[in-house]
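The structure under discussion appears below in the form of C-alpha cells.
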Ligand SMILES: Nc1nc2c(c(=O)[nH]1)N[C@H]1C(S)=C(S)[C@@H](COP(=O)(O)OP(=O)(O)OC[C@H]3O[C@@H](n4cnc5c(=O)[nH]c(N)nc54)[C@H](O)[C@@H]3O)O[C@H]1N2
Ligand SMILES: Nc1nc2c(c(=O)[nH]1)N[C@H]1C(S)=C(S)[C@@H](COP(=O)(O)OP(=O)(O)OC[C@H]3O[C@@H](n4cnc5c(=O)[nH]c(N)nc54)[C@H](O)[C@@H]3O)O[C@H]1N2
Ligand code: HEM
Ligand code: HEM
Ligand code: SF4
Ligand code: SF4
Ligand code: SF4
Ligand code: SF4
Ligand SMILES: [Mo]
C-alpha cells in the first residue's frame, strides 16, 4: 500500500480493515440491539429482513465483534496505556473542546479522550459478550437460571447503552477532528495533523526516522 | 382495523399506542383450578395436546409422575406432583396443574420487545401471536411463573393460550371440558372467585385452616387461579411462587432504563451537534504543517535517529 | 355395582379399598368428589400405596397386600362389640337370626368337612337347621348360640385391633379411626359406599374379600339404600356386559350356569337351579330359571329347540371340571392338551401371570388366531425381542393368524357399564386398512365351520348345524339385530291372565316378566329383556335429567334388570315401608304400592307387612352374613396369607393359604420363598394407560413413557437405589429390569414386628407399541387364582430387588422394524 509523499502513516492497512470490521459489526449490533431495546427502534429490524433474522444475527455479529475487537486491542493497547501527559491533557479539556489545541500539553499517539474510548470499549465489549452469551436463547437458554439471565440482560442493555454513548463520542470526534477519518480510511495523516494532535508521537517518529506504523518494516520517513 | 380479534386487545407488547377501545364490553374470565379436587389424572394435559395438536417428544422415566418433565413448546400444561410430609409426618400428595397464569399484569408482555407478539385481550387472556414473535426469550425472563418456552424448531415462544380460540367462540377451554372431577372450572372471574369462596369454606371445615385462593395481587391478580389447601405456603405445590412478582431486575430493565438510556443517547447526539455548531471542526492549519516541517528539518540536520522523544511510536 | 355411579354422591362415607378409583375410574370418580362437596362425605382410602385416590382422601391407611379379610373381620368385630350395627335392618333383612346346623364348626383355620387330598370341602354342614316344611329355623332374640349373628361374633372375635395391625401392618390408630368412621354409618339415615375392584379380587381369597365387605355393609344397613352398596367398579368398558352375556367359562347369558357332566338331563340340571324359598313366602326369583333357560334355548336354536328334545338341552356343552378358566386353559396348553387357540380382544402375553409360562404354552400350539385391532405381544410372542421377549423363533412351530378388527369407535353397539347401564353408541369413524368387524369375522368362522360339518358330518354336528342364524346379512349380523335378539320377542301371541293379548307374535318383549317356559318366548339374555322393546332402542335414550336430584336419571340409557338403578332397593325402606333416610328415599310404600325414584326391586304391590325379604334373588329373601355352601372355602371369610407371602399366618400357622384354592403342581414349584424374595410385590394400573394397548397411542406414551416400579425411601436406602435409577426386580418366575421410582408414598409396614417393604409394579409396558419397550409386570406374577373365580393372584406375591446398571442403550423406544413391522434384527420364520 502506498501513501502520498510526505505523509505519515497513522494506521496500517491491517489495522484499518480490522477497525472497519469492528465498526461495521458494532453499527449492526447497535441497530439490531436498539430495535430490541425500545419499540421506537423496532422498525430497524426490517433492515435485517425480519425480527427473527435480526434476533438470530445479533449474537453472531457480537461474536464477530469480539474477535475483531481483540485484533484492535492487540494492536492498540500499548499506545493506550495511561501516563502523566494524559492527566495534563485532560486538565485542558476545555481548550481541546474549544479547538485551541496549540495551548494543550502535547500527547503521544493517542490522547486521553481516545484512551477513554479505547478502554471503555475494551471493558464493555467483553461484558457485552459474556452477558450476551448468557441471554443467547438458542444455544444457552437452558444453561443458566432465569434469574442469572435477568441480571445478564439488564447488564447487557446498560452496557450496550454505555458502549453506544462512547461510540457516539468516538464517531463525533472522528468527524470533528478533520483528518482523522482519512487516517482511518486511507491510513495517512499530514505531519501538521500529527504535530497538532499528537505532537509527542510525531516527535518520536521524527526522532526514529520511522514513517509511522506501516506493514513495510524497511520503510523510511520520506519527504 | 386488522382482524376483529385484534380489537379486543387491551395490551400489546412493545407498543406505545393505545389499543382500540370500542369493543370494551367484555367480561373478565378466569380458570379456577381446585387443587383439592384434582386427582392428577392428566386428562387436561392430554386434552391440551389434542386440541392444540401438540405432540411433545416422548421422554424417559426419571423418577416422577411428571411427564414430560417440564413445560416445553409442546407441553403447555403439565401436572406436577409433590410429595409433602408435614411436621406430624402426615403425607400429602400435592398435585398441581402448571401452566400460564394469564396475569393481569403480565411480565412476559412487559418484557417482550416485539410489537404485538404478546397481547392481552379484554377478557384478560394473555396470548402469544406467533407471527410477531422473534424468539428472543425475553418473555421467559419477564414471567414470574417460569412459563413460556422457546421452540428449538421455529424459535417462537409457546405457552397456554387459555384456549383463546375456544373462549372466543363461547366454549370453555379444552382442559376444562375434559377434567373428570370438575377440578378445573371456567367462567367470569367474579363467579370463579365466589365459587372459590365456597370451596375454601368447605376446606376449612375439613380442617385445612390455611385454605385459600391463589390470585396473587403482586401481578395484579391472575386469570388462572388456584384453590389451595395450604394457601399460606404456595411453594409446597412444586414451587408455585409464594409472592410472584415481576422481577425488580426486569422492572428496572423495562422501566427506568429505557427513558434514561434514550435520554442519554439523545443527549450525546444533541451534545455533539451543539458542539459542532459552537466550536466547528478542529482543522489542521497551515501553521501546524509549518511547525511540523520545521521540526522535521531540525531532526534531519541533527543527524537522524537516536534522540527519542517521549511517547512511543512502535507498532 | 348394586348402586350407580351417580348415586355415590349420596354417600356419607366413601370407602375406596381394594381399588384405586381415581386412577382406574377417573370419570366415575367425579361422583366421589360430588359426595365430598355436596354431601360433606368423608373419603377413606385403604391401600398399600398412597395413591392418587388417597391424595384427595380425608383418611388414608396403608395395608399389606392380601390382608383385607383380617382388616374387615376386625371391622365387623368392632361394629358388633360396639353395637354399631343397624339393628332393625340386620334383624329383618339379613340372615343373622337363622340357625345354623349342628355339626358346622371352624377350627385351626379350617371349616368342617375339609378334604386335604382334594383340597376341597364337603359343605353339607354349612347350612341352616331346617324345620319340617324345609324352612330355616330362626331365633329373633339372637339367644341361640348357633344363630348366624352369634357364630359371626365368635368367628371375628379373634380379630382384635392388635391382631389386625399385626397382620395388616396398618397402624392401630388409623385402623380405629376408620372403624369409627364406618360405625358412623350404622345410623339408619347414614350410608357408606364401598368402591372396590382388583385390590380385592386379584387374590387367592378374592371373592371372600368382597364377601367380608358385603357383610360389613349388611351390618351397617348400607345395602339397597341411597349412597350405599357394594360397588364393584368394573374394568374394560364392557366387562360388565361380558359377564352379563356369559362370556365366562362356566356361565351362560344372564348368570345362568353351564350344565355339568353330572347334569345328564334338563330336569337334573334344573333341579339345583329353581331355588325353593328357605323362609315362608319369599320371592326367590330364581324359581323362574326355567323360563329364562327355555327362552335362551329358543334364541339359540329357534324352532329346533322343542319340548320334545328338552329344548335342545343335549346340544349344550357340559363341563367336566368347574370351569375352563384361562389359568386352566394355559395349563392345558402347556401340557399339550390344547393345541389351537382363538384369541379375540385379549393379550394374554401381557395380561396373564407368569409370562414365561404363557410364552412357553403358546409355543406349543399348532395355531394361534389373534383377532385384534392392534399388533399385540401375543401375536408376536414367537419373535425374539431380546430380554423383553427372549423367544427362539426357529424352534417355534405355531402358525399365527392375525385378523385385524375394528374397535368400538368404528362400529355401532352397546356397552354395559359398572352400574349395569346398557348404553348404545354410534360408529364415529371408518375402520382403517383391512380391519373388519368382529361380527363379520365370527360369522365367517361360523359359516365355514357349519359347511364343514354339513359336508363332513363329524362326531356331533347338531349344535352347530341347528344354530338359528336369521340375520338380514348372514355374513355380517348387525349389532342392532343382536341387541333385539338379546331382549327377546314373543313367538306367538302372548296373553295375560284375563286372556287379553299383551304381545303379538314377533313383538319385542317389554321385560323378563313376560318370559315363558313353554317355548313361546325367546330371549338371548333374560336380564337384558327391556333394553329394546316395541318402543325402540331403550339403550339409546339420552335424557340426563335427574328429576329429584336423587342421583337417578331413569331415562338415560337403560339399566338391567328392568331399568332398576339400585338393586335391593326395598331395603332402603324400613319394615313399614318408610325410608330409613327420609332425606334420601329410594322407594317407599304409599299404602297401596311401592313408589319412588327407582323401579322397585320387589313386587310392586307386595305389602311391607307380608314379610317378604328385600333380597329377592336369595332363597331366604335376606342378605347373607353366612354364605351357606356358596363359597368354596367357607361360609365366613377367614384370613389366609397369599400363596407367596413373607409372613406366617399368625392365626393358624398350619393353614397358611387358602386351603381350597387350586394350584397346578408345576406352578407350585415356581413359587418363591421369603428368604430369596423378601419383599411383597403388587401390580396395578396407572391412570395414564389402559392395559397394554394405549402404549400404541402416542399421547399416552408421552404421558407415561417407560416401565418402572415404585419403592419406598427406606427400601431404596437399604438397597442403595437412586431416584430414577435402574433396578432388577425378580421373582422365582422371572426378572424385570426397569427404573425405580423412590417415593414417600410407600412406607414399610410393621407386620408381626418386622418391617415389610412393598414393591409396586405398574403393568402397562411390553415390546410392541410406541412407548418405550418393557418386560411387563406379569413376568413376575404367580400362576394361582382365587379359589372361587380363579382370578389370578396379581396383587400379592414375593419379589427381590437389586440396584443395577443401565442396560445397553439400544432402541429403547422401538426396535428397528421393516415394512411389515418386524424388527430388522430378526429373520422372519413361521408364517403370519
Ligand atoms: N387408567 C386405567 N383405568 C383402568 C384400567 C387401566 O388399565 N387403566 N383398567 C380397567 C380394568 S380392566 C380394571 S379391572 C379396573 C381395575 O381397577 P382397580 O382395581 O382400581 O386397579 P388396580 O390398579 O389394579 O388396583 C387397585 C389398587 O389396589 C391396591 N391393592 C393391591 N393389593 C391390595 C390389597 O391387598 N388390598 C387393598 N386394599 N388394596 C390393594 C393397589 O395398590 C392399587 O392401588 O380398572 C379399569 N380402569
Ligand atoms: N399383573 C397384573 N395383570 C393383570 C392385571 C393386574 O392388575 N395385574 N389386571 C388384569 C385385568 S383386570 C384385565 S381386564 C386384563 C386386561 O388384559 P387384556 O384384556 O388382555 O388387556 P387389553 O390391553 O385391554 O387387551 C385387549 C385387547 O383387545 C383389543 N381390542 C380392543 N377393542 C377390540 C375390539 O373391538 N375387538 C377385538 N377383537 N379386539 C379389541 C385391544 O387392541 C387389546 O389388544 O389384565 C389382567 N392382568
Ligand atoms: C459482544 C457480543 C454480543 C452478544 C453475544 C450479544 C448478544 C445479544 C443477545 C443474545 C441479545 C438478545 C437478543 C437476541 O437474542 O438477539 C442481545 C440484545 C441486545 N444487544 Fe447484544 N450482544 C453482543 C454485543 C452487543 C453490542 C456491542 C451491542 C451494542 C452496543 C449490543 C446491544 C444490544 C442491545 C441494545 C440489546 C437489546 C437489549 C434490550 O432489549 O434491552 N449487543 N445481545
Ligand atoms: C462506525 C463508526 C466508527 C467511525 C466513523 C470510527 C472512526 C475512527 C477514526 C476516524 C479513527 C482514527 C482516529 C485516530 O486515528 O486518531 C478511529 C480509531 C479507532 N477506533 Fe474507530 N470508528 C468507528 C467505530 C469504532 C468502533 C465501534 C470501535 C470499537 C469498538 C472503534 C475503535 C477504534 C479504536 C480502538 C481506534 C484507535 C484509537 C483509539 O485507540 O482510541 N471505532 N476510529
Ligand atoms: S404467567 Fe407468565 S407467561 Fe403467563 S401471563 Fe403471566 S407472565 Fe405471561
Ligand atoms: S420470544 Fe417472547 S419476548 Fe421474544 S418476541 Fe417472542 S414472545 Fe416476545
Ligand atoms: S386452556 Fe387450552 S391451552 Fe391452556 S392448558 Fe387448557 S387446553 Fe391447554
Ligand atoms: S383433568 Fe382435572 S383432575 Fe385430571 S389432572 Fe387435570 S385438573 Fe386434575
Ligand atoms: Mo379388568
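The values are calculated or read from the model by the stated rules, or taken from the named source; none is laboratory data. Treat the numbers as computed from the prediction; the structure is a model and nothing was measured. Using ideal geometry, Cβ is built from the backbone for each residue, glycine included, and neighbour counts are taken over all protein chains shown.
Can you tell me which residue within the range C:756-775, out of those that are under 22 Å from residue C:715 (Cα atoms) and assigned to a loop (DSSP other than H, G, I, E, B), is nearest to the other protein chains (Cβ to nearest Cβ)?
Within the range C:756-775, the match that is nearest to the other protein chains (Cβ to nearest Cβ) is C:763.
Evaluate the range B:258-280: report whether one residue or more is outside the structural domain of residue B:35 (by TED's automatic domain parsing), surrounded by fewer than 17 Cβ atoms within 10 Å (Cβ to Cβ) and not in a helix (DSSP H, G or I).
There is at least one residue in the range B:258-280 that is outside the structural domain of residue B:35 (by TED's automatic domain parsing), surrounded by fewer than 17 Cβ atoms within 10 Å (Cβ to Cβ) and not in a helix (DSSP H, G or I).
Looking for something touching a strand residue (DSSP E or B) at 6+ places or on another chain (Cβ under 9 Å), surrounded by 20 or more Cβ atoms within 10 Å (Cβ to Cβ) and within 21 Å of residue C:463 (Cβ to Cβ) - is there at least one such residue anywhere in the range C:264-285?
Yes; the residues of the range C:264-285 include at least one that is touching a strand residue (DSSP E or B) at 6+ places or on another chain (Cβ under 9 Å), surrounded by 20 or more Cβ atoms within 10 Å (Cβ to Cβ) and within 21 Å of residue C:463 (Cβ to Cβ).
Applying the selection to the range A:164-185, what residues are touching a residue at least 40 places away in the same chain (Cβ under 8 Å) and within 16 Å of ligand 3 (Cβ to nearest atom)?
Selection gives A:164, A:166, A:167, A:169, A:170.
Residue B:71 - would you say it is in contact with a helix residue (DSSP H, G or I) (Cβ under 9 Å, 6 or more places away or on another chain) and either away from chain C (no Cβ under 14 Å) or within 16 Å of ligand 5 (Cβ to nearest atom) (or both)?
no
Condition first: closer than 22 Å to residue B:283 by Cα and either in contact with a helix residue (DSSP H, G or I) (Cβ under 8 Å, 6 or more places away or on another chain) or more than 10 Å from chain B (Cβ to nearest Cβ) (or both). Can you find one or more residues in the range A:118-140 that meet it?
No; the residues of the range A:118-140 include none that is closer than 22 Å to residue B:283 by Cα and either in contact with a helix residue (DSSP H, G or I) (Cβ under 8 Å, 6 or more places away or on another chain) or more than 10 Å from chain B (Cβ to nearest Cβ) (or both).
Residues checked against (1) within 17 Å of residue B:231 (Cβ to Cβ); (2) part of a helix (DSSP H, G or I):
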residue	(1), (2)
B:170	no, no
B:176	no, yes
B:186	no, no
B:192	yes, yes
B:200	yes, yes
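Suppose we keep only residues that are within 16 Å of ligand 8 (Cβ to nearest atom) and more than 11 Å from chain C (Cβ to nearest Cβ) within the range B:188-218. Which one would you say is nearest to the chain's Cα centre (by Cα)?
B:214
Looking only at the range C:207-221, which residues are closer than 27 Å to residue C:791 by Cα and either in contact with a helix residue (DSSP H, G or I) (Cβ under 7 Å, 6 or more places away or on another chain) or in contact (Cβ under 8 Å) with a residue 60 or more places away in the chain (or both)?
C:207, C:208, C:209, C:210, C:211, C:212, C:213, C:214, C:215, C:216, C:218
If we scan the range C:194-201, do we find a residue that is farther than 19 Å from residue C:638 by Cα and more than 16 Å from ligand 9 (Cβ to nearest atom)?
Yes, there is a match, as at least one residue in the range C:194-201 is farther than 19 Å from residue C:638 by Cα and more than 16 Å from ligand 9 (Cβ to nearest atom).
Per-residue answers, yes or no, for (1) surrounded by fewer than 22 Cβ atoms within 10 Å (Cβ to Cβ); (2) within 16 Å of ligand 5 (Cβ to nearest atom); (3) assigned by the TED database to the domain that holds residue C:25; (4) within 23 Å of residue B:68 (Cα to Cα):
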| site | (1), (2), (3), (4) |
| --- | --- |
| C:639 | no, no, no, no |
| C:699 | yes, no, no, yes |
| C:703 | no, no, no, yes |
| C:708 | no, no, no, yes |
| C:738 | no, no, no, yes |
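On the given criteria, is residue C:459 part of a loop (DSSP other than H, G, I, E, B) and closer than 30 Å to residue C:27 by Cβ?
Values: part of a loop (DSSP other than H, G, I, E, B): yes; closer than 30 Å to residue C:27 by Cβ: no.
No.
Residues to consider are C:254, C:345; find the one that is within 16 Å of ligand 1 (Cβ to nearest atom) and either touching a residue at least 24 places away in the same chain (Cβ under 8 Å) or closer than 27 Å to residue C:617 by Cβ (or both).
Result: C:345 is the single residue among C:254, C:345 that is within 16 Å of ligand 1 (Cβ to nearest atom) and either touching a residue at least 24 places away in the same chain (Cβ under 8 Å) or closer than 27 Å to residue C:617 by Cβ (or both).
May I ask you to verify whether residue C:748 is more than 10 Å from chain B (Cβ to nearest Cβ) and either surrounded by fewer than 22 Cβ atoms within 10 Å (Cβ to Cβ) or touching a residue at least 24 places away in the same chain (Cβ under 8 Å) (or both)?
In short, yes.
In the range C:207-231, which residues are within 16 Å of ligand 9 (Cβ to nearest atom) and touching a strand residue (DSSP E or B) at 6+ places or on another chain (Cβ under 6 Å)?
C:231
Does residue A:194 satisfy the condition of being closer than 24 Å to residue A:13 by Cα, buried (at least 21 other Cβ atoms within 10 Å of the Cβ) and more than 16 Å from ligand 2 (Cβ to nearest atom)? Lay out the reasoning, then the answer.
Numbers: closer than 24 Å to residue A:13 by Cα: yes; buried (at least 21 other Cβ atoms within 10 Å of the Cβ): yes; more than 16 Å from ligand 2 (Cβ to nearest atom): yes.
Criteria met by residue A:194.
Residue-wise test of (1) under 21 Å from residue C:712 (Cβ atoms); (2) away from ligand 6 (no atom under 16 Å from the Cβ); (3) outside the structural domain of residue B:237 (by TED's automatic domain parsing).
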residue: B:51; (1), (2), (3): no, yes, no
residue: B:58; (1), (2), (3): no, yes, no
residue: B:61; (1), (2), (3): yes, yes, no
residue: B:66; (1), (2), (3): yes, yes, no
residue: B:70; (1), (2), (3): no, yes, no
residue: B:76; (1), (2), (3): no, no, no
residue: B:81; (1), (2), (3): yes, yes, no
residue: B:84; (1), (2), (3): yes, yes, no
residue: B:92; (1), (2), (3): yes, yes, no
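Just a yes or no: is a residue in the range B:145-156 within 20 Å of the chain's Cα centre (by Cα), assigned to a helix (DSSP H, G or I), within 14 Å of ligand 5 (Cβ to nearest atom) and within 18 Å of residue A:152 (Cβ to Cβ)?
Checked against the condition, which is being within 20 Å of the chain's Cα centre (by Cα), assigned to a helix (DSSP H, G or I), within 14 Å of ligand 5 (Cβ to nearest atom) and within 18 Å of residue A:152 (Cβ to Cβ), the range B:145-156 yields no hits at all.
For the structure I just gave you, tell me whether residue B:254 is farther than 30 Å from residue A:188 by Cα and either at pLDDT below 95 or touching a strand residue (DSSP E or B) at 6+ places or on another chain (Cβ under 8 Å) (or both).
Yes, satisfied.
Could you please find all residues in the range A:94-115 being in contact (Cβ under 8 Å) with a residue 12 or more places away in the chain and within 21 Å of the chain's Cα centre (by Cα)?
Of everything in the range A:94-115, those that are in contact (Cβ under 8 Å) with a residue 12 or more places away in the chain and within 21 Å of the chain's Cα centre (by Cα) turn out to be A:96, A:107, A:108, A:109, A:110, A:111, A:112, A:113, A:114, A:115.
Here's the yes/no breakdown for (1) in contact with a helix residue (DSSP H, G or I) (Cβ under 6 Å, 6 or more places away or on another chain); (2) more than 23 Å from residue A:212 (Cα to Cα); (3) away from every other protein chain (no Cβ under 14 Å); (4) assigned to a helix (DSSP H, G or I):
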site	(1), (2), (3), (4)
A:18	yes, no, no, yes
A:28	yes, yes, yes, yes
A:35	yes, yes, no, yes
A:45	yes, yes, no, yes
A:55	no, yes, no, yes
A:72	yes, no, no, yes
A:75	yes, no, no, yes
A:85	no, no, no, yes
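Among the candidates B:131, B:60, B:83, which residue alone is assigned to a helix (DSSP H, G or I), surrounded by fewer than 24 Cβ atoms within 10 Å (Cβ to Cβ) and either out of contact with any helix residue (DSSP H, G or I) (no Cβ under 8 Å at 6 or more places or on another chain) or away from chain C (no Cβ under 13 Å) (or both)? If you could, list the steps in order and put the result at the bottom.
Details: B:60 fails: assigned to a helix (DSSP H, G or I); B:83 fails: assigned to a helix (DSSP H, G or I).
Step by step, each of B:131, B:60, B:83 is checked, and only B:131 is assigned to a helix (DSSP H, G or I), surrounded by fewer than 24 Cβ atoms within 10 Å (Cβ to Cβ) and either out of contact with any helix residue (DSSP H, G or I) (no Cβ under 8 Å at 6 or more places or on another chain) or away from chain C (no Cβ under 13 Å) (or both).
Give the residues of the range B:38-57 that are within 30 Å of residue B:197 (Cα to Cα) and surrounded by fewer than 23 Cβ atoms within 10 Å (Cβ to Cβ), sorted by residue number.
Once the filter is applied, which keeps residues that are within 30 Å of residue B:197 (Cα to Cα) and surrounded by fewer than 23 Cβ atoms within 10 Å (Cβ to Cβ), the range B:38-57 yields B:46, B:47.
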